[in-house]
Amino acid sequence: MEMTGTREIRADRATVWAALLSPEVLRECVPGCQELTGSPEEGFHATVVQKVGPVKATFKGTVTLSEMNEPDSLHLAGEGKGGAAGFAKGGADVSLEDCEEGTRLSYNVEAKVGGKLAQLGSRVIDGFAKKVADQFFTRFQEAVEGPAEEEEAPEAPETGAKKGWFKRLVKGGAGA
């Protein structure tokens, strides 16, 4: 399956780039992420719990970054195994460019699944993959952008994290 999309993020490219490489941001943004460790140079190890249709599984996997052209583009490749549920693997090309709002993030994702997951059918898998990608990029955008003023920072219902926490951290405004 393939998915493409764009997001306009109200932040400069350097801030968006730094967020893409941050394990803290990725941990908060990946739906179902229980644990994420590692670094951009060595790759990340993650544990993610997901329910796809009737199949619920804990996936353990890795994500590696390559073709990094700071602060313009990078390639993410990931692979996870969910025991009897099967496996998922794929990659994403992410590019950043300046736009009127700040930074335009464009992505092109290609993913494959096997095992019990593949038996669910392409309609279920495609719908699930689109939902997870939308959730990830929405959370990512909220973590980077934040509101115009501190008082407007509502807590995200699922994570308890305030919108724009990464941008404030980078700018030195997060309790430093």
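Each value in this text was obtained by applying a stated rule to the coordinates, not by laboratory testing. Just so it is clear, the structure is predicted and the values come from calculations on it, not from any experiment. A quick note on method: Cβ atoms are made from the backbone with ideal geometry, for glycine too, and the neighbour counts reach across all protein chains shown.
Tabulated results
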| item | result |
| --- | --- |
| Tally, over the range 19-58, of residues that are of a type in the set (A, V, I, L, M) and more than 13 Å from the chain's Cα centre (by Cα) | 4 |
| Condition check for residue 105: within 17 Å of the chain's Cα centre (by Cα), of a type in the set (A, V, I, L, M), under 28 Å from residue 123 (Cβ atoms) and buried (at least 16 other Cβ atoms within 10 Å of the Cβ) | yes |
| Output for the range 40-83, where each listed residue is in contact with a Ser or Thr (Cβ under 8 Å, 6 or more places away or on another chain), in a loop (DSSP other than H, G, I, E, B) and surrounded by 15 or more Cβ atoms within 10 Å (Cβ to Cβ) | 82 |
| From 117, 96, residue being buried (at least 19 other Cβ atoms within 10 Å of the Cβ), touching a helix residue (DSSP H, G or I) at 6+ places or on another chain (Cβ under 7 Å) and more than 30 Å from residue 12 (Cβ to Cβ) | 117 |
